[in-house]
Amino acid sequence: MKLTNFTREYEYVFTFNFEKGINKTVDISNLIKNKVKKDELETAHLDKDWGCLEFKNGMVDIEPNTLYKFTQGK
């Protein structure tokens, strides 16, 4: 499921917009807190070609299917 857009709400809480109009708001701290510090969260951006969420100029990325499964609690 490709990520199409996102909004950072606060700290590690993001709203993700996936294909087919699926939107989820989740805290991703358990997924990235060991690699992305709070002050680095503002580096988040979307790789539109791959649909990945990236941080730190691409040094940390989350594959869209992994992110989607995480938002589903799986």
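Could you look through the stretch 8-23, keep only residues that are in a strand (DSSP E or B) and within 10 Å of the chain's Cα centre (by Cα), and pick out the one that is surrounded by the fewest Cβ atoms within 10 Å (Cβ to Cβ)?
Looking at the filtered set, the residue picked out is R8.
For N5, are the conditions met, namely being surrounded by fewer than 16 Cβ atoms within 10 Å (Cβ to Cβ), part of a strand (DSSP E or B), in contact (Cβ under 8 Å) with a residue 40 or more places away in the chain and not aliphatic (A, V, I, L, M)? First the steps, then the outcome.
Numbers: surrounded by fewer than 16 Cβ atoms within 10 Å (Cβ to Cβ): yes; part of a strand (DSSP E or B): yes; in contact (Cβ under 8 Å) with a residue 40 or more places away in the chain: yes; not aliphatic (A, V, I, L, M): yes.
Here the answer is yes, as N5 does meet what is asked.
Could you check, for the stretch 59-74, whether at least one of its residues is basic (K, R), exposed (fewer than 11 other Cβ atoms within 10 Å of the Cβ) and in a loop (DSSP other than H, G, I, E, B)?
There is at least one residue in the stretch 59-74 that is basic (K, R), exposed (fewer than 11 other Cβ atoms within 10 Å of the Cβ) and in a loop (DSSP other than H, G, I, E, B).
Among V26, V36, which is the only one that is under 12 Å from the mean Cα position of the chain (by Cα), surrounded by 16 or more Cβ atoms within 10 Å (Cβ to Cβ) and part of a loop (DSSP other than H, G, I, E, B)? Break it down into steps so the answer makes sense when it comes.
Numbers: V26 fails: part of a loop (DSSP other than H, G, I, E, B).
When all the criteria are applied, what remains is V36.
Each reported figure results from applying straightforward, stated rules to the coordinates on display, with no laboratory input. Keep in mind that what you see is a predicted model, and the values were worked out from it rather than measured. Heads up, the Cβs are rebuilt from the backbone with ideal geometry, glycines too, and the neighbour counts pull from every protein chain shown.
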